[in-house]
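This report concerns only the one structure given below.
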Amino acid sequence: MFAIWAGKLVTLLLRMRGKDATSFPGKVALRISPKLLAWFGRRIERVIVVTGTNGKTTTTSLLASMIGHQEAIITNHKGANLAQGIATAFIQAASWTGKLRAKTAVLEVDEATFPTIAEALPIVVIVVTNIFRDQLDRYGELDTTVEKLFEAIRKTEACLVLNGDDPISRRLGLRSSRKTFYYGMARETARQDTRRQIRDGQFCLQCGHELRYDGFWYGQLGLYACPHCDFARPHPEFIGTYLGPTLRFSEEGLPDLTLDMPVEGLYNAYNVLAATAGARVVGLWSEHIHAGLANYVSPDGRMQSFQLDVPVKLNLIKNPTGCDSVVQAVTSDPAQKVVVIGINDLAADGKDVSWLWDADFEMLTDDPSIVRVITSGLRAHDMALRLKYGGLSSHVISVIADMDEALDAALSIASSQSLPIYILTTYTLLHPTVQTLTTKVGSHESTNVAYRTSVS
Amino acid sequence: MNRRTLHIAHLFPDLLNLYADRGNILTLTQRLRWRGFSVEVHEVTHRDVPRLSAYDLILLGGGSDREQGIVAEYLKGYKAELKAAIEDGLPVLAICGGYQLLGAYYQLPNGEKLPGLDILNMYTSAGVGLPRLIGNVAIETPDAGIVMGFENHGGRTVHEHEPLGKVLHGHGNDGASGFEGVRYHNVWGTYIHGPLLPKNPRLADVVLTTALQYAGVKEPLEPLDDELENQARQAFLKLRMPEVETSVPSL
């Protein structure tokens, strides 16, 4: 109980000082009582976990919004997905006597953290978004990530909701011997391969032969089959057809749902599909699913827009596949534009910046409408080097290591020509950038009173 | 002007591409093109038959343990040919897993030995319960100055050859010897990625000069504008390995 009080006091103190209280209260409380999560675990009825490499935060928020329309829930917002972030979510949902104000928790859990908390909580459903290469210095290698997930699953009695288009997730499902529901995109929407992108798991994880693909969506997500053994993409229980502004959601025996997409892009269509599949598995009606999507508020750094003199869109990048999706979205805007790329190499960003070279930044080279790219952050020079060797003209590249100065420079170039700005940053630069931009929106509003901004 | 095309083979990019080997290929090809050379990159997947006599430089990258096992299996049939070519001076740049593959074997934590190509008197062992050697690394090399980057390897490598360099910061081959990598004929083996070559343009040019000589091209490499590369080197050292920066004023 003392641990909860300590956590709540820390929350109050942080909030009084205007700070973000998404992890630190839990850290303090766990220091006092390491078994705090198990203590909460005995007081909550069911926990739904979302994990995977990309799209965890968006999928968790979408699913939380859907289930939250039906009943009170506990969730860890803003991607605070390590043990301390999860503990913080429970502390903030607990009264001073330790009573929780909800029976269901929807939690985003980091893959590496998952085995350490799996036993403590009554996890009934595990939704896995996908398994890509991410932050190698933290997880060892991709195979280690799969082991971690497998280890965590074994410690629960949960059923699984997996991405059937992802061969690595499929392997996880086969190995786990659990009730597994697969979701996937409609077969006919797969594309033939055009660009060379990084694909993990292109070899059969059962027998080592190269997988045959009849089509791709992105990364290694596609219509795969092993020519040598029985390993193949399963027929998904939940099928999505991405139609741009909407996603058609089909499952056998029920009428199709036409879901309004609250966020753009194919990778977000997968997130909507994963969240809706999870919602169906826990028994949610279509009414709650629609309402959940309508009420959804986009987390920071997912095409988050700020209206200054010019429109600014902010995106988190953290690994090659996720980065490729973002760069693709940026270059699909035909307008002339200014791009800012901020790269840090702190623990939460990944200390190894090698992944920048696996991401397809050549898409920027191929985009004639890019007026300027400003690289920033602790590893601003490495990013500039990446662009130089990617063939981007040196006249277009500027290095401004300080992020605030980089933003000011971008605004001054963009405003004079009325161009949109796209900002891409790694994790530890994201929140400071949100704060800077929010402040700028505030002062912009006070000078343009008649103008209504839309910050989503 | 001799502008013969230089042929670079990237062996098994489908299996060994863990540490941004694309960045190394890109650095080699761009630094040739910027000097007016033409270059062809042969992506030799595990389904292709490698034609060692057609290549002027081979790049062998890193993969996960599982993928490395598959590669060792595929390469078995070419072992003798590759060894003969290397003895004959074929330039090979081998990084992380590719570096380990040049040795006799790689022993996994469970004791299983993945056989290597056995070209160098060298072996690698992951040990039991030992931590991975992870972090920023800088070494001093005789012919390419300070080489810097990131290392992330579970394996400890022991060999009888010249090292690539002396560790100034980080772990190196085994975290104990104080040396990193290997130099043997025209082979460079190293755990350094990040990727290796973009921020180490001198090493890139040493590799290219050797490959051009091997190809029979006599022209020297003209200097390039490496201003951005040098800024990136200085910024990286200052931020992450300041003691190296102060100990070696000229990079």
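All of the numbers you see were taken from the coordinates with simple rules; none came from a lab. The shown structure was predicted, so the numbers you read here are calculated from the model rather than taken from an experiment. Quick reminder, even Gly has a Cβ in these numbers, built from the backbone with ideal geometry, and neighbours come from all protein chains shown.
In table form, for the structure just shown:
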read-out: Cα gyration tensor category, rounded, prolate or oblate, for the range A:24-169 with a/c compared to 1.5; value: prolate
read-out: Rounded to 5, percent antiparallel among DSSP beta bridges of chain B; value: 60 percent
read-out: Convex hull volume of the range A:304-447 per residue (C-alpha atoms, cubic angstrom); value: 92 Å³
read-out: Amide proton proximity set for A:ALA105, modelled H, under 5 Å, gap of 5+; value: A:ARG46, A:VAL47, A:ILE48, A:ILE74
read-out: Cβ charges +1 (Lys, Arg) and -1 (Asp, Glu), total dipole of chain A, debye; value: 1520 debye
read-out: Under-5 Å amide H pairs with A:GLY342, H placed in peptide plane, nonlocal only; value: A:SER376, A:LEU424, A:THR425, A:THR426
read-out: Cα-based Rg of the range A:2-295 normalised by 2.2 N^0.38 Å, two decimals; value: 1.01
read-out: Relative contact order computed over the range A:304-447 (Cα-Cα under 8 Å; 6+ residues apart), in percent; value: 37 percent
read-out: Of A:ALA359, A:PRO299, A:LEU284, farthest towards positive along the dipole that unit charges on Lys, Arg, Asp, Glu beta carbons give the range A:237-362; value: A:PRO299
read-out: Span from the the range A:275-348 Cα centroid across to the the range B:13-61 one, whole angstrom; value: 35 Å
read-out: Net length gained if the chain between A:TRP96 and A:VAL371 were fully extended (0.36 nm per residue, minus Cα distance); value: 93.5 nm
read-out: Nitroxide proxy distance, nm - points 7 Å out along Cα→Cβ at B:ALA80 and A:ALA335; value: 6.6 nm
read-out: Chain B: calculated mean residue ellipticity at 222 nm from DSSP helix runs of at least 4, using -39500 (n - 2.57); value: -8500 deg cm²/dmol
read-out: Dipole axis of the protein assembly as shown (+1 Lys, Arg; -1 Asp, Glu on Cβ), positive-most option in B:LEU164, A:VAL312, B:THR246; value: A:VAL312
read-out: Entries in A:LYS351/B:LYS166; A:LYS56/A:LYS351; A:LYS388/B:LYS83; A:LYS388/B:LYS218; A:LYS351/B:LYS79; A:LYS27/A:LYS148 that, when Cα-Cα distance is taken, lie over 31 Å; value: A:LYS388/B:LYS83; A:LYS351/B:LYS79
read-out: Cα centroid of the range A:7-81 to Cα centroid of the range B:86-129, whole Å; value: 45 Å
read-out: For q = 0.11, 0.14, 0.21 Å⁻¹, Debye-computed log10 I/I(0) when each Cα of the range A:246-334 counts as one equal scatterer; value: -0.39, -0.60, -1.07
read-out: Residue-averaged 222 nm ellipticity for chain A, from DSSP H runs of 4+ at -39500 (n - 2.57), nearest 500; value: -11500 deg cm²/dmol
read-out: Cα gyration tensor, the range A:370-422 - rounded (a/c under 1.5), prolate or oblate; value: oblate
read-out: Selected from A:ILE4, B:LEU101, B:GLY135, residue furthest toward positive end of dipole (the protein assembly as shown; charges at beta carbon); value: A:ILE4
read-out: Amide H contacts under 5 Å for A:ASN130, placed H, 5+ residues apart; value: A:THR53, A:ASN54
read-out: Overall Cα dimensions of chain B - principal axes, largest extent first, Å; value: 53, 46, 28
read-out: Over chain B, relative contact order from alpha-carbon pairs under 8 Å, at least 6 apart, %; value: 19 percent
read-out: Fewest-first ranking of A:HIS381, A:HIS77, using other Cβ atoms within 10 Å as the exposure measure; value: A:HIS77, A:HIS381
read-out: Pairwise label distance in nanometres, A:SER416 with A:ALA401, each label 7 Å out on the Cα-Cβ vector; value: 2.6 nm
read-out: For a label point 7 Å along the Cα-to-beta-carbon line of B:GLU160, residues of the range B:88-113 with backbone N under 17 Å; value: B:102-105
read-out: Cβ-placed point charges (K, R +1; D, E -1), dipole of the range B:6-247 about Cα centre in debye, nearest 20; value: 280 debye
read-out: Distribution of pairwise C-alpha distances over the range B:105-251, 5 Å bins, in %; value: 2, 9, 18, 20, 18, 15, 10, 7, 2, 1, 0
